[in-house]
Structure formats: C-alpha cells, structure tokens
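This report concerns only the one structure given below.
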Amino acid sequence: MITLSDALVAIAMTLLVLSIEVPDVSGSDLGSALADLWPNFFAWLLSFVILAVLWYAQHTSLVVLESAGGRVLIVNFVFLAAISVIPFTSQLLGEYGSQGLATAIYAGNIALATLALYVLDWMAELGGHHVESADPMEPIAEIVPTVVFVISIPVALFVSTEIAQYSWISIVVLRPLVGWLEARRS
C-alpha cells in the first residue's frame, strides 16, 4: 500500500510540469512568453507543495495502518484518486484561474484529498495508533485545510476567484492557530 501510494504521488508530481509548455516564439519574445506562463508556474508550484505535504502526512498515517483492512484501503484509494487528478486540476487552475469554475474544481479536488487524509488519521487514532508527525496538531486543526478549501468553492463561484484563491493562504496561519487554541483548551 505504501509503495503504490509513493509511486502514484511521484507520478502525479512529475505530470504537473507537463502542463507548462515551452513557448514557441522568436528569441526576442521569449521573456514575454515566459512571463505569460506565470499562472501555470504558480499552479505547478502550489500543487507540488500541496502534493508534498499530503504525501508526507499520508505516509505517516500508512506506516501505522499498514496491516489494516479493507476500509483503510478504500479511503486510501479515494486519497490516491484525488491525488491522481491534481495534475489536471492544476493545469485547469493555471490556464483558467480567473474563472470561478476552474478555481472551484481545484478547491474541490484538494478538499477531497485533505478529507481522505483526515479520515485516514482518524481511522488510525480509532485503531489505537497515534500518527506521529513533525507538526502534531489537535484533531480540529487537522480538518482546517479541508474546511478552507470547501468554503472557497462557493466563494469562487459566487463572490470572487481572487478571494477564494487568497483564502487558501489562511491555512498557513489558521491550522497552527487552531491547534494552539485546542491544545490550550485541553
């Protein structure tokens, strides 16, 4: 299960860059053509970082769940399905990021991946396994990325794609803050 997951994430990370095509322009227009590719580079980088974080978290969960049964496999395959679509949704975001539908589809894809990862961690905890990570968070803090991406879907569709996309940055602050507040409450 771990080897399959590692391979699929590695392939997805590699496929991300295929959405960025080398411009076919004259030498003097190369700088401008590369600048026009900025949205694609941003979508690639964002998706690569998200894949790396998700892989690390999923890997730590699978280490303790390696001998688990069918339910874990089903949730892991949901996670892997979501991961395998990220190159497509990343390209969609890079090319049509100013459109609400593209932003919503990307956010839904990441929300599904983070939710499946949350469920894997929850299953490990229910099974009496503590999932070790470099940044231990309380259970409520672990669901923050999913909540932020889910909330950004209607924002992208009905309010503003820019606000939806910028809301993703809030995860960097909200997750540790919620974890800290949860730890203080305990």
(message) Any residue at all in the range 107-126 that's surrounded by 18 or more Cβ atoms within 10 Å (Cβ to Cβ), outside any helix (DSSP H, G or I) and modelled with pLDDT of 90 or more?
(response) no
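With respect to Val9, is the statement that it is part of a helix (DSSP H, G or I) and either touching a residue at least 24 places away in the same chain (Cβ under 8 Å) or among the charged types (D, E, K, R) (or both) true? If you could, list the steps in order and put the result at the bottom.
Numbers: part of a helix (DSSP H, G or I): yes; either touching a residue at least 24 places away in the same chain (Cβ under 8 Å) or among the charged types (D, E, K, R) (or both): yes.
The answer is yes for Val9.
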(message) Restricting to the range 25-46, name every residue that is assigned to a loop (DSSP other than H, G, I, E, B) and aliphatic (A, V, I, L, M).
(response) Val25, Leu37
(message) If I filter the range 128-162 down to residues being in a loop (DSSP other than H, G, I, E, B) and modelled with pLDDT of 70 or more, which single residue comes out as surrounded by the fewest Cβ atoms within 10 Å (Cβ to Cβ)?
(response) Val159
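Among the listed residues Ala82, Ala111, Ala57, Ala35, identify the single one that is touching a residue at least 60 places away in the same chain (Cβ under 8 Å), within 30 Å of Glu162 (Cα to Cα) and among the small types (Gly, Ala, Ser).
Details: Ala82 fails: touching a residue at least 60 places away in the same chain (Cβ under 8 Å); Ala111 fails: touching a residue at least 60 places away in the same chain (Cβ under 8 Å); Ala35 fails: touching a residue at least 60 places away in the same chain (Cβ under 8 Å).
The match here is Ala57.
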(request) Please specify each residue of the range 39-98 satisfying the condition of being hydroxyl-bearing (Ser, Thr, Tyr), over 16 Å from the mean Cα position of the chain (by Cα) and modelled with pLDDT of 90 or more. (result) Tyr96, Ser98
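Looking at Val49, Val22, Val63, which one is assigned to a loop (DSSP other than H, G, I, E, B), surrounded by fewer than 16 Cβ atoms within 10 Å (Cβ to Cβ) and not charged (D, E, K, R)? Don't jump to the end; show me each part of the working.
Working: Val49 fails: assigned to a loop (DSSP other than H, G, I, E, B); Val63 fails: assigned to a loop (DSSP other than H, G, I, E, B).
Residue meeting the stated conditions: Val22.
The values are calculated or read from the model by the stated rules, or taken from the named source; none is laboratory data. Note that the coordinates shown come from a computational prediction; the quantities given were computed from them, not determined experimentally. Heads up, the Cβs are rebuilt from the backbone with ideal geometry, glycines too, and the neighbour counts pull from every protein chain shown.
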